[in-house]
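For reference, the structure discussed in these notes is given below.
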Amino acid sequence: MILDLNVYLGQWPFRRLRHGGTEGVHRLLARTGASQALAAPLQGIFYKNPAEGVREMLDELGIDHPDLLPLAMVNPAFPGWERDLRQMAEEWGCVACGLAPIYHGYRVYDDGAAALCGALRELGLPAVLFVRLQDERSHPLLMQVPALPTDDMAYLLKAFPDLPIAICNANLPAEATPLAPLLGDRAATLFTTSYKSLQLARMVEVLGAEHLAYGSGLPLYYPESALLQVQRADIGEAARASIIGGNARALLGLGGAPC
């Protein structure tokens, strides 16, 4: 079973998304055969209060889309985020929490980020760290958002070794390879295939298949591209099954291969 660990719902502020709503996302998922997906709210990244974006996504999802697993989103620099996070986890059914420091204007070294990671551990929620959303070369002139530095990713992995983390949209292998030495002694850590994953077989050698997960980045990206990288990579079938869904299910507590 295919689980897409990197899907967005909502509207991108800088161009029209033909498949931004639930119907469009389902059309794209059907093209890849994915049976489940972790859905991140785009409005939760761009709104001043991310909780409002999560609420909008959940209102659109309703109760008719159990295949789209909702991602919480909070900004630890925004007042009341602790209450919002607990509500998302305990009442709204969110299965993980997105961290977008590059868009929310905080650093992973900040006290607020440390408090957020501590709250995630308490609630039993894995973190989903967004390194970027789109290639920086495509950003509007007045909205240039740099990618999260590799040093920031390394700090998060070292400072919170017992917090499961999925790292979305890192450049494989350039940004992920330096982090390989940090993976052995910490909780589950996954890198999605949603951004520049052309050397997937090499990344299996460097990181291990247990640290990779299929993610398409749809509807910002065409989903078939990331899926074909996994399907055609020169790796064993056990590794392919882990990457295509098993690792993500284990991270999210849905069962599956251990990460």
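Quick notes on this one:
- Scan region 147-175 for residues that are closer than 16 Å to Leu251 by Cβ and out of contact with any Pro (no Cβ under 7 Å at 6 or more places or on another chain) and the total you get is 9.
- Test set (1) more than 16 Å from the chain's Cα centre (by Cα); (2) surrounded by 23 or more Cβ atoms within 10 Å (Cβ to Cβ); (3) within 30 Å of Arg137 (Cβ to Cβ) - Gln229 fails condition number: (2)
- Pairs, first among the hydroxyl-bearing types (Ser, Thr, Tyr) in region 12-26, second in a loop (DSSP other than H, G, I, E, B), C-beta under 8 Å, six or more apart: Thr22/His65
- Any pair with Cβ under 9 angstrom, 6 or more apart, that starts in region 153-165 at a residue that is under 17 Å from Gly98 (Cβ atoms) and in a loop (DSSP other than H, G, I, E, B) and ends at one that is charged (D, E, K, R) and modelled with pLDDT of 95 or more: Phe160/Arg121; Leu163/Arg121
- In region 68-77, the residues that are farther than 14 Å from Gly53 by Cα and free of Cβ contacts under 8 Å to residues at least 40 places away in the same chain: Ala77
- Residue selected from region 117-150 under the condition β-branched (Val, Ile, Thr) and over 15 Å from the mean Cα position of the chain (by Cα), by the criterion modelled with the highest pLDDT: Thr150
- The residues of region 151-177 that are farther than 22 Å from Leu5 by Cα and either modelled with pLDDT under 95 or of a type in the set (Phe, Trp, Tyr) (or both) amount to a single one, Tyr155.
- His211 meets the conditions (1) within 14 Å of the chain's Cα centre (by Cα); (2) at pLDDT below 90 in every case but one. The failed one is (2).
- Residue list for region 232-259, filter: at pLDDT below 90 and either β-branched (Val, Ile, Thr) or more than 16 Å from the chain's Cα centre (by Cα) (or both): Gly255, Gly256, Ala257, Pro258
- Residue satisfying condition, being buried (at least 18 other Cβ atoms within 10 Å of the Cβ), touching a residue at least 60 places away in the same chain (Cβ under 8 Å) and within 18 Å of the chain's Cα centre (by Cα), within set Pro223, Pro173: Pro223
The values are calculated or read from the model by the stated rules, or taken from the named source; none is laboratory data. Predicted, not measured: the structure shown is a model, and the values here were computed from it. Don't worry about glycine lacking a Cβ; one is built from the backbone with ideal geometry, like all the others, and counts go over all protein chains shown.
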